[in-house]
Structures are given as structure tokens and as C-alpha cells.
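Everything on this sheet refers to the single structure shown next.
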Amino acid sequence: MLTREDLAKYPFLRKASSFIEGYGLTLRDLAAPEYSGIVRRAVERVRDSIEGRRIVTDWKDPETEILAYPLALAFAYGLKAGWVIRRFATAESKRCYELLKMEDGQRLIEVAEDGFGWRLEQNDVNVEGRRFDFALGVTEYLEVAPQFHSANWKLVNRYLLRGRVHLKQSEVARLLSESVKNKIVKRAAAEEVRRFEVPEAFGLYLEEVRRLVEKKGRFYDEEAPVGLVEEAKPPCIMAIISDLAAGKSLSHMARFTITTFMINVGENVDNVLKLFRSVADFDEGKARYQIEHIAGRIGSRTKYAPPKCDVLRSFGLCVGVNALCERVRHPLQYYKIRAREIARGAVRARGGRKVA
Amino acid sequence: MHSIVVDEFRNYYSQLGSKDLEVTDLACRELAFLQFGEQMMIRHTRFLDEVSLRDHLIHKTPAHLYYSSAYYKEPQAPDMNRKGWLGADLVFDVDADHIPTTCKADHDRWRCLECGSEGAGFPPESCLSCGRKRIETTTWVCEKCLDVTKNEVLKLLDEYLIPDFGISLNDVEICFSGHRGYHLHVLTESLRGLASDGRREIADYVRGIGLDQRLHGFMVLNRNGPLIGPDIRDGGWRGRIARSIYAYISRCNVEDLRAVVGSGSAADTICRNKDRILGGITKSPPSWVGLRGVGIERLNRIAGASIKDILCNIDERVTLDTKRLIRYPNSLHGKSGLKASRITYNDLEKFDPLRDAVAFKDGEIKVYVREAPRVRIGNHEIGPLKNVEVVVPKALGIYLICKGAAEPRS
Ligand code: SF4
Ligand SMILES: [Zn+2]
Ligand SMILES: [Zn+2]
């Protein structure tokens, strides 16, 4: 049985929605003074997520907690910034992860079923000292797991039997919390959410958050810096470049990847061409033609993008996965995040001076 | 195209029962046609039922008929984004084109369009003399090719889809592709909504891409402790790896092993202690200590070599694609005149495409053959032939005409 405390912990549950419906309140109703506690809690959740602070579930007052969630979600959508929604979703997902990890088995199964309709079962498999306490339907597993990039999450490396993937509790928690995030982010694209405006009545409450969004937004909406940020290149691209420098001849896929990558981060054709100089079968005319074609200057005029991480992995071009790789699905995404971090000074650019 | 072929295709479609053209949710699928002699495919069509489809096939007999693996709200919408994707079957394509069989040397040729040099067998990636990549191929198919593809399908089902994925045979449709391989459609409803990245994981699973043996149980306990590993009775990749290593070690010789592990002494040790090692692996729980001295790195390499035969040779692009057009079951293939027969799992073992997928049973036809290797259709075999006129059973004649190797003579 899911209790009221559970609904406060996991307000994405279907049971939580029906609980809220039971109050018969509209969004606008909540602007009334008697609900100011709920509104303030909602604002707090949005603000904390924007500032990257950890959101802690408030146990003392589950009712407020449950009612504040949809309101917070509405605010997050209503602020009309993609990054705010992503941050809110990430914060929610982290909060749920911490809680789900500690949950007892039966409860976890109920959350999976009620929240996402997942077929999760208790399991009793123990191999080499690893306990797989759960088994999840492979379809459900594949809804989420392809987003994670370590070898351990790849289906081929899982214990899969009769359509069920064997999992540890922490892994189930990870999959579920990632689903929480996906659900929030995905809904932002829905027509009614895009049209949604926060009712005027909440204006005062939101003033501070709005200022915060504006201040931070200037930074987040910035495009990635022009020109190549050397240190921001993902491992796969670095590997191809060092192969090139060593004069190795590359597969078609590797060539396509490096070229599209360079063009997409704003390098010009000449600089891309330079990379290929040391390769034995280098033919400048032909190479230039190909690069210009990929850059969309000639031929179909479509500008090509490099392949996704998944594809690179299948072609054996994804090398070693670092912490950032874990979070991205595309080498350009890796680049953008890292380049921003470097610009912000959050990550010290390694390497230093280049030798002529 | 020669009218005799069109007429025979039309006859074939007119004698079909509407059951023969049944597919799940026909009204939600896009249908596509390629007419005889045309280059452009007619796409974005929709048929509400099998009867109207059959009528169409009789009146506008196509050389090729395809349907989408995807289900759409509006399959006839010309813009892919407007179709309203609802889901798609999970499809596997096994084609002799992608499998380098030895018999290809007997029946396939390639020619470089740049420099004109040519050769027999599986085409090289780039021309062997000029290195460029515009290569034209003339390909045929023989019993051997077809057997290899059939075994891939059986492997896919028996080794992976049924035991690991828990897929029920009731949800599986097997079709001969009408030419050089097979299509396997998994109709399980819960899989329909799977996105492309999830399908990639399935394709990678059966192809062993990204497989890391260390994640399937091999480890050395506390640095200098014993080597432990999976049990041959385990399911999934765990058991498969254990069984493959067992099989590999039991049949390998020192030379092969040496090439795989890259060490003479390790290979010697394994061969000398073969029986003891194999005995250990089959124990319950298993004991891998016999391979302790070989080291986990080398064991990994042995595992890699031993699973080769057990990986599925599928064209993964088809599996990843959630909007693929696929040959329609029981339609005729315009490049062979053979039927894309739907086959039950039980019949697959003894299915002989060159006999059982023959659509034209009676009659003879006179054809002029320009060039053909040895070819068998039904029980009739001819070739190799060059520039001769022959009278052959109709099915064989049409096969040669469709392959572009012959033309009808009156
Ligand atoms: S995870 Fe993506 S970005 Fe990172 S190395 Fe692999 S392919 Fe490149
Ligand atoms: Zn050539
Ligand atoms: Zn052959």
C-alpha cells in the first residue's frame, strides 16, 4: 500500500494525482492566501533546482508537499526556459534516486507499477557475490538504459533471461529516477504545456525566481564559443585526431565523424583539411571536396552532423567513457557542456601551452 | 520488362486467397510499390483490407511490393512527420549479401567501374587494383548461401529471442525474402513502442557488440585468489560464454590457440591440461581454476574467439529503423520471381526456398541465356551457361529473366 508519505516522496505517481484531484482545487485557487504555504514551498523547489541545491523531501507536512509538486512543475514550465525545466527535472530525479535506493522491495515494485506501468518483480539471483534482487521487463529497461553510457548498462552485458533483466536495487532506483526526469522533460514539448502561462495571481511569489532565471539565463542560453576549444573535445574525437596525427588511415565512419564534428564546432574547411595532411593517401583536392560537401557548401547543401554516441559505439569509435560521457548522448553535447565549463572557469583547461 | 513476367505475376496474385495477404493491422501500414521497368517507388499508399489490396495487385501488378514495419495513424500521409507513428514491429534481416560464404567465388563477380578490373567472390570494399570504391556486382544465390542464412535465423530464435528475450513463437513471423535471405518479424505488442536506441541495444545483443566478458562473471578474487566464472547452465550471455569457451577449448589445437592468446606457453598449458580444464568448467558450481594461470586478459581473448560462430549475422540497419519498408509477405520478388513465403518455425528446418518458394509450377518456356552460373529451381538444374537458347521449366525461365540473365524467345 502506498501511504500519504509515499505520495509526498513520489508525487509523480498516479495515486498522487488522484489525491490532488480529491481536493478539487484548480491552479488558480492555490493563489488564495490560505494556500500561501504551498505556493512558497513550490517556489522554493523551483529555486533550489535552479541553483543546483539538493531538494529534500519535507516529511512533516506531506499534504503541502504533495500539493506543492504540481504547482512547482507548473512554475518550471511557465518560466519558459529549456534549461530551467531540465534543471528542475534533474533535481527531482536526484531526489527520487536517493529515496528509491533505500525503499523496501515491495514499495519499489508499487512505485514502478503506479508511476510508469513497469513490470518489476522481486528476484533472488546471486552470482559471484552480486545480488540481483529485481527483474525488470526488457522493454521497460530499454526505455531508459540506452541513455546511460557505461558498458555495464549495455543490454549485452546484462543478465537477461526470458525477457527479464536482472538488476540490483540501486540500478532499479537509477532507471526509475531517470524516468522521472524523462517524463518531466518530455511533457514540456506538449502543446498545452507550451501554451501554458502562469496565472498573474502568482506574480509576486515568482518575482525573485524570475530575476534569478534572467541572470543565469544570460549565461545558459549563450551559444558555445566560436572557434575550437581544444580541451573540450570528447575522447572519441581526440582518439581520431591522434590516429590522424600518427598517419593512420581512417575508416569511412571515422573520417565522417571527425569532419562533421569539426565543421559543427565552427572550424573552417582549411583547418579541417590540415588535420588530414599527415595521412598517407591524402589527396587535397578530393579531401577538400568531401569536406565542403559535408559542410553543406556543395551538393545537397545539407549540413551534416556527427553521429550519436550510440552509433560511434557500434562502430568501435567510442573510446573510454569519462564522467561527462556518462551524461551525454552526442559528442557535440559533450563539447558544448565542456566548452561552457571551461569558459566559466569551472574546469581548468588542461594541457596549457601548445608547442609550435 | 517482358510481358510474360508481368502476366505470370498477375496470374499468381489472382489465384491468391485473401488470407495469403493477411498482415497485422494492414490499415495502419504504409504500402509501397515498384512497378515493372520503373525506378521511382510509389509510396504512401494505404489499403483497408486484403481484398482491395489483391484487386490492386491484379490490376496494377507490381514488380515489388513493400509494407512498413511501422504502424501509423495516417499511413497515406506523404510527409513522414504527419503520418503519426504509433509503433513498429521489431524486424531482423538476414541476407546472404552480408555474409561472406565460400560459395560466392563460384557464383558472384565484381567489376570496378573506374578501372575495369574484376574478380570472383565477395566484393572487396575498394577495388584491389585502383583502390576506388565504385564497384558493380553480379550476384547469385545457391543452396549453400540460403542454408547459411537459414541457420542464422534459427540461431537468432533458438539462442537469443526465445530463451533470453522470452519472445513467444506465436509472436514471430518468418518470411523468405524472395531472394537471398530471410526476414524475421517480432510482433510482440509491448515491443512496438521501442525507440531506435532501444532496438540498437537488441541488435548489439545478438551481434555481441560491446560484449565485455568481465561483466559476465569472470574475475579473480582478491588479487591472488582463484579465478571464478559463469556456469555453462546459466542463461543469457553468461552461460553462452561459458559454453562457447568449453566448446572452443575442447576442439582447438595448439596453433589456433597460440594465435588467439598470443603466447606459446599459455597455449601449451591449456592443451596439456585440456581434460582437467574441461572437467572443471562442467562442474556445478564450475571451477575455472584450470585457467587461472592463463590470466584474465588471455581468457578474454579466448572468449572473444570462441563466441564468433554464435553471433548473429544480421543487417543491423533494418533492426534499428523504426520506419523501414519491408517486402510484403507472400508477394513476388521482381528480381527472382520467387515468393516471399511465410514459413512457420516448424517448417523452417526443411524449407528449401529454391523449391518451396517457387510460384510458377507448370509449363515450359524457351529462353536465351546470356550468362548464368549453375542454377537450380525446383528439381531442375542447369548451367553454367553462356549465350545459348534452352527450353526450361517456367519457374526457372522466369527466374533467369528476372535476374536479368536471360530473355524469352518464342
Ligand atoms: S560517450 Fe560519446 S562523447 Fe564520449 S567518447 Fe563515447 S562517443 Fe565520444
Ligand atoms: Zn579499380
Ligand atoms: Zn552461394
Sites B:Ala120 and B:Asp356, calculated FRET efficiency, Cβ-Cβ separation with R0 25 Å, nearest 0.05 = 0.30
Among A:Leu13, A:Leu73, A:Leu273, the residue with the largest mean-square fluctuation in a Gaussian network model of chain A built from Cα contacts under 10 Å is A:Leu273
Dimensions in Å of the protein assembly as shown - Rg and Dmax from alpha carbons | 30.4, 97
Charge dipole (debye, nearest 20) of the protein assembly as shown; +1 at Cβ of Lys and Arg, -1 at Cβ of Asp and Glu | 2140 debye
For the stretch B:213-310, what is the accessible area per residue in Å² when the probe is 1.4 Å?
-> 47 Å²
Within straight-line cross-link reach of A:Lys181, lysines at Cα separation under 24 Å, skipping those fewer than 8 residues along the same chain = A:Lys9, A:Lys15, A:Lys80, A:Lys94, A:Lys101, A:Lys154, A:Lys168, A:Lys216, A:Lys308, A:Lys336
Which whole number gives the average, over all residues in A:164-174, of C-beta atoms from other chains lying within 10 Å of the residue C-beta?
-> 1
Using helices alone, what [θ] at 222 nm do you get for chain B, with -39,500 (n - 2.57) per DSSP H run of 4 or more residues, divided over all residues and rounded to the nearest 500?
-> -8500 deg cm²/dmol
Trypsin sites (Lys or Arg not before Pro) in the stretch A:259-291 lying in a DSSP loop, each with at most 15 other Cβ atoms within 10 Å of its Cβ, come to A:Arg277
Set the Förster radius R0 to 25 Å, insert the Cβ-Cβ distance between A:Arg28 and A:Lys60 as r into 1/(1 + (r/R0)^6), and round the FRET efficiency to 0.05.
-> 0.40
Using R₀ = 35 Å, calculate the FRET efficiency as 1/(1 + (r/R₀)^6) where r is the Cβ-Cβ separation of B:Ala247 and B:Lys144; round to 0.05.
-> 0.90
Heavy-atom accessible area per residue of chain A, all protein chains kept, 1.4 Å probe, expressed in Å², is 50 Å²
Spacing of the two label points (7 Å from each Cα toward its C-beta) at B:Tyr345 and A:Lys216, in nm | 5.3 nm
All lysines inside 22 Å of B:Lys335 as judged from Cα atoms, apart from same-chain residues fewer than 8 positions distant = B:Lys60, B:Lys104, B:Lys144, B:Lys150, B:Lys361, B:Lys366, B:Lys386, B:Lys394, B:Lys403
Report in % the part of the accessible area of the protein assembly as shown that belongs to carbon and sulfur, leaving out ligands and nucleic acids; probe 1.4 Å.
-> 49 percent
Restricting attention to the stretch B:179-262, which trypsin sites (Lys or Arg not before Pro) occupy a DSSP loop and are surrounded by at most 13 other Cβ atoms within 10 Å?
-> B:Arg223, B:Arg233
Extent of the stretch B:213-310 along each principal axis, from alpha carbon coordinates, in Å, largest to smallest?
-> 32, 31, 22
Between the DSSP loop rule and a limit of at most 12 other Cβ atoms within 10 Å, which trypsin sites (Lys or Arg not before Pro) in the stretch B:73-107 are left?
-> B:Lys73
Quick one: give the max-minus-min coordinate of the C-alpha atoms of chain B along each principal axis, largest first, in Å.
-> 78, 51, 41
Pseudo-spin-label distance B:Lys133 to B:Asp256, built 7 Å along Cα→Cβ, given in nm, is 3.4 nm
Taking only protein heavy atoms into account and a 1.4 Å probe, give the accessible area per residue of the stretch B:360-410 in Å².
-> 50 Å²
So for the stretch A:230-350, using the alpha carbon gyration tensor with a ≥ b ≥ c as root eigenvalues (a/c under 1.5 gives rounded; past that, a/b versus b/c decides prolate or oblate), I'd call it prolate
Dividing the convex hull volume of the alpha carbon atoms of the stretch B:1-143 by its residue count, what do you get in Å³ per residue?
-> 174 Å³
Roughly how many debye, to the nearest 20, is the charge dipole of the stretch B:213-310 about its Cα centre, given +1 on each Lys and Arg Cβ, -1 on each Asp and Glu Cβ, and no other charges?
-> 160 debye
So what's the angle, to the nearest 10 degrees on a 0 to 90 scale, between helix B:296-306 and the longest Cα principal axis of chain B?
-> 30 degrees
Which value, in Å² rounded to 10, gives the accessible area of A:Lys183 with a 1.4 Å probe and all protein chains present?
-> 90 Å²
Using a Gaussian network model of chain A with C-alpha springs under 10 Å, which one of A:Glu207, A:Glu113, A:Glu267 is most mobile by mean-square fluctuation?
-> A:Glu207
Once the Cα atoms of helix A:203-220 and of chain A are each reduced to a long axis, what angle between those two axes, in degrees from 0 to 90 to the nearest 10, is obtained?
-> 10 degrees
Among B:380-391, B:352-363, the order from most to least packed when residues are scored by Cβ within 10 Å on average | B:352-363, B:380-391
Taking each residue of A:143-155 in turn, how many C-beta atoms of other protein chains fall within 10 Å of its C-beta, and what is the average?
-> 4
Let me have the relative contact order for the stretch B:360-410, percent, based on Cα pairs under 8 Å that are six or more residues apart.
-> 46 percent
Percent relative contact order of the stretch A:230-350, based on C-alpha pairs within less than 8 angstrom and at least six residues apart?
-> 33 percent
Dividing the helical contributions, -39500 (n - 2.57) per DSSP H run of n ≥ 4, by the residues of chain A yields a 222 nm value, nearest 500 deg cm²/dmol, of -17000 deg cm²/dmol
Could you calculate the contour length gain from B:Asn151 to B:Ala105, that is, 0.36 nm times the residue separation minus the distance between their Cα atoms, to one decimal place in nm?
-> 14.5 nm
Take the Cα atoms of the stretch B:360-410, build their convex hull, and give its volume per residue in Å³.
-> 60 Å³
Computed for B with A: buried accessible area summed over both chains, 1.4 Å probe, rounded to 100 Å², at 2400 Å²
Give the residues of the stretch B:1-29 whose amide nitrogen is closer than 15 Å to a point set 7 Å from the Cα of B:Glu189 in the direction of its Cβ.
-> B:24-25
Contact order relative to length for chain B, counting C-alpha pairs under 8 Å separated by 6 or more residues, stands in percent at 17 percent
Averaging over all projection directions, find the projected area of the Cα convex hull of chain A and quote it in nm² with one decimal place.
-> 22.5 nm²
Mind checking the angle between helix B:236-251 and chain B's longest principal axis? C-alpha axes, 0 to 90 degrees, to the nearest 10.
-> 80 degrees
Cβ neighbours within 10 Å from other chains - mean over B:224-237 = 2
Heavy atoms of B:His44: accessible area, 1.4 Å probe, square angstrom to 10 = 50 Å²
Using a 10 angstrom cutoff on alpha carbons, build the Gaussian network for chain A and name the most mobile of A:Ala323, A:Ala239, A:Ala72.
-> A:Ala323
Roughly what would the spin-label model give for A:Asn126 and A:Asp270, points 7 Å off Cα along C-beta, in nm?
-> 6.9 nm
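The values are calculated or read from the model by the stated rules, or taken from the named source; none is laboratory data. None of the values given here were measured: they were computed from a predicted structure. Glycine also receives a Cβ, built like all others from the backbone with ideal geometry; neighbour counts cover every protein chain displayed. Calculation scope for accessible area: heavy atoms of the full protein, side chains included, ligands and nucleic acids excluded. Shrake-Rupley method; radii C 1.70, N 1.55, O 1.52, S 1.80 Å.
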